[in-house]
1. State in Å² the accessible area per residue of segment 185-295; use a 1.4 Å probe, count heavy atoms of protein chains only, and round to the nearest integer.
2. What distance in nm separates the two pseudo spin-label positions at ASP370 and GLU430, each 7 Å out from Cα along the beta-carbon direction?
3. In Å², and per residue, what accessible area does segment 300-473 have when probed at 1.4 Å with the other protein chains present?
4. Segment 205-261: which chymotrypsin sites (Phe, Trp or Tyr not before Pro) are DSSP loop and have at most 11 other beta-carbon atoms within 10 angstrom?
5. Quick check: at a probe of 1.4 Å, how many percent of the accessible area of segment 300-473 sits on carbon and sulfur atoms?
6. Roughly how many Å is it from the Cα centre of segment 417-478 to that of segment 336-400, as a whole number?
7. Starting at the first residue of segment 160-172, write each ³J(HN,Hα) from the Karplus equation 6.51 cos²θ - 1.76 cosθ + 1.60 with θ = phi - 60°, in whole Hz, x for Gly and Pro.
8. Which residue, ILE405, CYS440, THR416, has the largest displacement toward the positive end of the dipole of segment 300-473 when charges sit on each Cβ (Lys, Arg +1; Asp, Glu -1)?
Amino acid sequence: MLAYLPRPPTDTSRYGTFPQKPDLPAAPGALGEDGGQQAAATTAKRSAPMPNYPSALRHSGFVPGEPSLLPSRGSLTTQHHRGRPSWCPPPAPQEAGARLYPLHALSVANIPNSSHGKTSARSSTIPTPEGLQSRRCKLLEEDSPMVQASKRQRQRYVTKVGKCQVNLGNIQDKKRFLSDIFTTIVDLKYRWFLFVFMMCYVITWLVFGFIYFFDAWVRGDVGHQGDPEWQACIENVDGFVSALLLSVESQRTIGYGTRMVTANCAEGVILLIAQSIVGSMIDAMMVGCMFVKISRPKKRAQTLIFSKNCVISRRDEKLCLMFRVGDLRESHMVDAKIRAKLIKSRQTAEGEFIPLEQSELNLGYDTGEDRLFLVEPQIICHVINRHSPFWDMSAESLRREQFEIIIILEGIVEATGMTCQARTSYTEDEILWGYRFEPCMSLEKGAFQVDYSRFEMTFEVQTPAASAKELHELKELEQQEHSTLSLYWDHLLQPC
């Protein structure tokens, strides 16, 4: 559960999102002479297009003014494969039982782990200038393949096939399950469902067979077998096995004609009527459970597929989060709707820790785009605007975040009319920045052909590594500079 701890926002306003050279101190004389050239270079740098690669800097790791501590990108990649960088100091000796936590997990309350049964709190620490180099080493070690593999093995809230990984325990009032016995039986696994199905019939046969045998023994029908002058209540019952066969034949309406209840006793008639009513009730309940168990729309959800990855790229000059959904059956889903939830822990301004908080992702419910006519695979788009939780998230900060996106697709099965729901999830390491989905439809012989072998294929496109907020601010700055130049040019053109 440590994977769902919130991360403090990165200081992108100080160090930026892209690789930058450290500012070197200039001479006082050169500052006055080259002031205009530096201002023009700054304006040109702001209006230049952004590169399509993530930043190599860590916002909380490198310090401006220390160019000797900035290794090249190639050396960092080589050092990641070899282990600890050579320029990193050896780790300080730790106390017994002490643990190293990532920098972004500090000052956050821990989630109780049921496997250990202990709750630990993380203390807030203030980094000192002497510990900046060790912090950089920790961040680089965190990007190693072993650490990335451990991040991918963290616990999911919902699996890729849509199963919720939540176990309910310590339920005191279990009588509520008996009040809804039909749903309780349907929700059982198949082995337990078949066991309950068989035991309902076997127990009733044994109970009524014992009552038939007891009645025949009390009235003396067992001891007067073969006596033509004896008026038996239950004929041809000489033991428990014959009484059990009478119970099975009566409840299943087989009626072989050798064993039967006569009109010589009233309790035999009442017993036969009671068994017929109980048998009909069991048939209605168990056959209904069996039909619902087989025809559950949960099986229909297995033919609704989702792409394995999400992609982030620009669409209509807007940064968008996109994934693909498709239906493998020719019978379509009626009134299909799709929605998305963001699962992420956070800490409020008052210090309250909210584990696994759910927030809504807008997939077009205000414009009706969340209602799908799911005939061919469709790409679902979430526009990253100021109302989106990914508004200030860049390609670099995406690697530092830990969250989970739950996708829920609901619709009515056309064949049965039942409501079906399919679910999947995406973690932060399943989001590809700067990619798009390849088309999987073509026109062949007067009809549209869908090639599901290209359903998962993506290709890389040129996408800025900055966040949507930074792109919006850059666009506003360019518009402001353009309007300023326009006003200045209009002022020059005016006659004296």
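The values are calculated or read from the model by the stated rules, or taken from the named source; none is laboratory data. Note that the coordinates shown come from a computational prediction; the quantities given were computed from them, not determined experimentally. Cβ coordinates were reconstructed from backbone atoms using ideal geometry, including for glycine residues, and neighbour counts include every protein chain displayed. Accessible surface is based on the protein model in full, side chains and every heavy atom, while ligands, DNA and RNA are left aside. Shrake-Rupley method; radii C 1.70, N 1.55, O 1.52, S 1.80 Å.
1. Result: 60 Å² per residue.
2. Taking the simple label geometry, ASP370 and GLU430 are separated by 2.0 nm.
3. Value returned for segment 300-473: 50 Å² of accessible area per residue.
4. Of the chymotrypsin sites (Phe, Trp or Tyr not before Pro), the ones in loops of segment 205-261 whose Cβ has at most 11 other Cβ atoms within 10 Å are TYR256.
5. Of the solvent-accessible surface of segment 300-473, carbon and sulfur hold 48 percent.
6. 15
7. 5, 8, x, 8, 7, 8, 10, 9, 8, x, 6, 8, 7
8. Most positive-ward Cα: THR416.
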